[in-house]
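> My questions all concern the structure below.
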């Protein structure tokens, strides 16, 4: 077995939390049950990984098989990567039925025609998701297995989720290959990024709880009455509290919010000041970047008004994030008579 | 009685008892809470400021998250001639001690302690704070 493959398997096993290693190796299926029985999974990880490499040596693992283990790890720990969303578009109606084998063949062919040294792995999952792992090389170097790109494609949709590696130069190649393989015409990057792949899927597939413009009758007593803490406490501003709850529910819906870590607003607006201050004598837009970050941005925005940290209703710039399926915005001056600002794509 | 801002809604005027002490709570982590308190102060009748108002600054345990300047708080206390107390609500011990202090102040303001008036007590608190 190749030295590099051994090292790669060793490092992949080291990434896995100790309690999960056995299950993941079983999922991998490359080592037999009897072989796995010989490993003591209670020793330190260093030793476990050495034992596993030893067994893989016996089975003569190659890089493709090692890559499958990496794919399994990344499928379970997809939140360790940052995912971007791309949308593909077609000219006209699609009358073709999706053929997986055809997709894989075309993808490999297109990618390999531009770049000889790539490792490509495919894995299909129950939710119609096709996972593609790509390790990039150059015409002179073997593929770097540690800098991989992952692509998740739901064949019934025009959306592709990509976790790119550092090599930005390979993106156009990857996009081309995807478009060709899936019989689309064009692909564009959406301004939507997060660590949580499932949340991104929820947003673009519209599976989060949306606020429908339906009439909300007085909330059912069982839902809204918080346990009375103490009858000696009187809340003077109950109607204000209810107004805030209502506005928050209208803006965010009732269910759990998709998990995003950032919202970024790039401002290219004119600095508005007292004309006598004359701060900027050049009439240039004031460039400013506002970034909100949180372990769970939308939930924290949702709790701002109820916790008394912001006025309700919140700015639509914040509440439109799931509906607009974007968390990177550019705000420019509104052209025309009225000064103001508007969101641009 | 709890509220997030003044003035109090007039619908409940008839249900309200006499108010003896008003504690304005400022969360040191939120500039918004200071703004809110400043806006509400404007609605309060001047007679309350004779010892029946105090400021309670919460969240002082987390030094890294301070958003409100201490200067602003001291100035507020001086401008409205009212004492400023500090506490950390997340620690049970401090929470209970603060509640006991406020309860004591309330007893004075309600006139339950003979020989001590709200005004004299307020002056006493302010003079010791200046030391």
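The values are calculated or read from the model by the stated rules, or taken from the named source; none is laboratory data. Nothing here was measured: the structure is a model prediction, and the numbers come from that model. Glycine gets a Cβ as well: all are built from the backbone with ideal geometry, and neighbour counts include every protein chain shown.
> So which residues in the range A:61-85 are free of Cβ contacts under 8 Å to residues at least 60 places away in the same chain and touching a strand residue (DSSP E or B) at 6+ places or on another chain (Cβ under 7 Å)?
Once the filter is applied, which keeps residues that are free of Cβ contacts under 8 Å to residues at least 60 places away in the same chain and touching a strand residue (DSSP E or B) at 6+ places or on another chain (Cβ under 7 Å), the range A:61-85 yields A:64, A:68, A:75.
> Okay, next question. Give the residue that is farthest from residue B:5 (Cα to Cα), with candidates limited to residues of the range B:43-76 that are free of Cβ contacts under 8 Å to residues at least 12 places away in the same chain and part of a loop (DSSP other than H, G, I, E, B).
Here is the first cut: in the range B:43-76, the residues free of Cβ contacts under 8 Å to residues at least 12 places away in the same chain are B:45-47, B:63-64, B:69-71, B:74-75.
Next cut, part of a loop (DSSP other than H, G, I, E, B) only: B:45, B:69.
Numbers: B:45: 14, B:69: 21 Å.
Restricting to residues being free of Cβ contacts under 8 Å to residues at least 12 places away in the same chain and part of a loop (DSSP other than H, G, I, E, B), the top hit is B:69.
> Another one. So is residue B:62 within 22 Å of residue A:232 (Cβ to Cβ) and either surrounded by 12 or more Cβ atoms within 10 Å (Cβ to Cβ) or more than 14 Å from chain A (Cβ to nearest Cβ) (or both) or not? Quick ask: steps written out before the conclusion?
Working: within 22 Å of residue A:232 (Cβ to Cβ): no; either surrounded by 12 or more Cβ atoms within 10 Å (Cβ to Cβ) or more than 14 Å from chain A (Cβ to nearest Cβ) (or both): yes.
No; evaluated as a whole, the condition is false for this residue.
> Another question, if that's okay. Go through the range A:305-322 residue by residue and tally those that are within 11 Å of residue A:251 (Cβ to Cβ) and exposed (fewer than 14 other Cβ atoms within 10 Å of the Cβ).
Adding up the residues that qualify gives 2.
> Kindly check whether there is at least one residue in the range A:91-99 that is closer than 25 Å to residue A:200 by Cα and in contact with a helix residue (DSSP H, G or I) (Cβ under 8 Å, 6 or more places away or on another chain).
Within the range A:91-99, none of the residues are closer than 25 Å to residue A:200 by Cα and in contact with a helix residue (DSSP H, G or I) (Cβ under 8 Å, 6 or more places away or on another chain).
> Condition check: more than 18 Å from residue A:240 (Cβ to Cβ), facing another protein chain (nearest Cβ under 10 Å) and surrounded by 16 or more Cβ atoms within 10 Å (Cβ to Cβ). Does residue B:52 satisfy that? Give the derivation first.
On the way: more than 18 Å from residue A:240 (Cβ to Cβ): yes; facing another protein chain (nearest Cβ under 10 Å): no; surrounded by 16 or more Cβ atoms within 10 Å (Cβ to Cβ): yes.
Criteria not met by residue B:52.
> If you go through the range A:236-260, how many residues are part of a loop (DSSP other than H, G, I, E, B), in contact with a helix residue (DSSP H, G or I) (Cβ under 8 Å, 6 or more places away or on another chain) and more than 14 Å from chain B (Cβ to nearest Cβ)? Full working, then the answer.
Quick first cut of the range A:236-260, residues part of a loop (DSSP other than H, G, I, E, B) only: A:236-237, A:253-260.
This time we only want the ones that are in contact with a helix residue (DSSP H, G or I) (Cβ under 8 Å, 6 or more places away or on another chain), so: A:236, A:256-260.
Now narrow it down to the ones that are more than 14 Å from chain B (Cβ to nearest Cβ): A:256-260.
Residues flagged as part of a loop (DSSP other than H, G, I, E, B), in contact with a helix residue (DSSP H, G or I) (Cβ under 8 Å, 6 or more places away or on another chain) and more than 14 Å from chain B (Cβ to nearest Cβ) within the range A:236-260 amount to 5.
> Within the range A:192-204, track down each residue that is in a strand (DSSP E or B) and under 16 Å from residue A:88 (Cβ atoms).
A:192
> Going by the conditions given, is residue B:76 surrounded by 18 or more Cβ atoms within 10 Å (Cβ to Cβ) and more than 14 Å from chain A (Cβ to nearest Cβ)?
yes
> When you check residue A:264 against the structure, is it under 22 Å from residue A:200 (Cβ atoms), modelled with pLDDT of 85 or more and outside any loop (DSSP other than H, G, I, E, B), yes or no? Even if it seems obvious, please write down each step before you answer.
Details: under 22 Å from residue A:200 (Cβ atoms): yes; modelled with pLDDT of 85 or more: yes; outside any loop (DSSP other than H, G, I, E, B): yes.
For residue A:264, the condition - under 22 Å from residue A:200 (Cβ atoms), modelled with pLDDT of 85 or more and outside any loop (DSSP other than H, G, I, E, B) - is met.
> Of all residues being in contact with a helix residue (DSSP H, G or I) (Cβ under 9 Å, 6 or more places away or on another chain) and surrounded by fewer than 18 Cβ atoms within 10 Å (Cβ to Cβ) in the range B:13-24, which is nearest to the other protein chains (Cβ to nearest Cβ)? Just the residue, please.
Here the answer is B:19.
> Same structure again: Being assigned by the TED database to the domain that holds residue A:128, at pLDDT 90 or above and surrounded by fewer than 17 Cβ atoms within 10 Å (Cβ to Cβ) is the requirement here; does residue A:95 meet it? Write out each step before concluding.
Numbers: assigned by the TED database to the domain that holds residue A:128: yes; at pLDDT 90 or above: no; surrounded by fewer than 17 Cβ atoms within 10 Å (Cβ to Cβ): yes.
No: the conditions fail for residue A:95.
> Between residues in the range B:28-40 that are more than 10 Å from every other protein chain (Cβ to nearest Cβ) and at negative phi and residues that are surrounded by fewer than 16 Cβ atoms within 10 Å (Cβ to Cβ) and part of a helix (DSSP H, G or I), which pairs lie under 7 Å by C-beta distance while being six or more apart or on different chains?
Short answer, once both residue conditions are applied: B:34/B:72.
> Shifting gears a bit: Name the residue, out of A:337, A:314, A:298, A:280, that is modelled with pLDDT of 85 or more and in a loop (DSSP other than H, G, I, E, B). I'd like the intermediate steps shown before the answer.
Working: A:337 fails: modelled with pLDDT of 85 or more; A:298 fails: in a loop (DSSP other than H, G, I, E, B); A:280 fails: modelled with pLDDT of 85 or more.
Result of the check over A:337, A:314, A:298, A:280: A:314.
> I'd like to check something: does the range A:152-161 contain any residue that is assigned to a loop (DSSP other than H, G, I, E, B) and crowded, with 19+ Cβ neighbours inside 10 Å?
Within the range A:152-161 (the criterion being assigned to a loop (DSSP other than H, G, I, E, B) and crowded, with 19+ Cβ neighbours inside 10 Å), the answer is no, since none of the residues qualifies.
> Looking at A:72, A:132, can you tell me which residue is in contact with a helix residue (DSSP H, G or I) (Cβ under 6 Å, 6 or more places away or on another chain) and closer than 30 Å to residue A:260 by Cβ?
A:72
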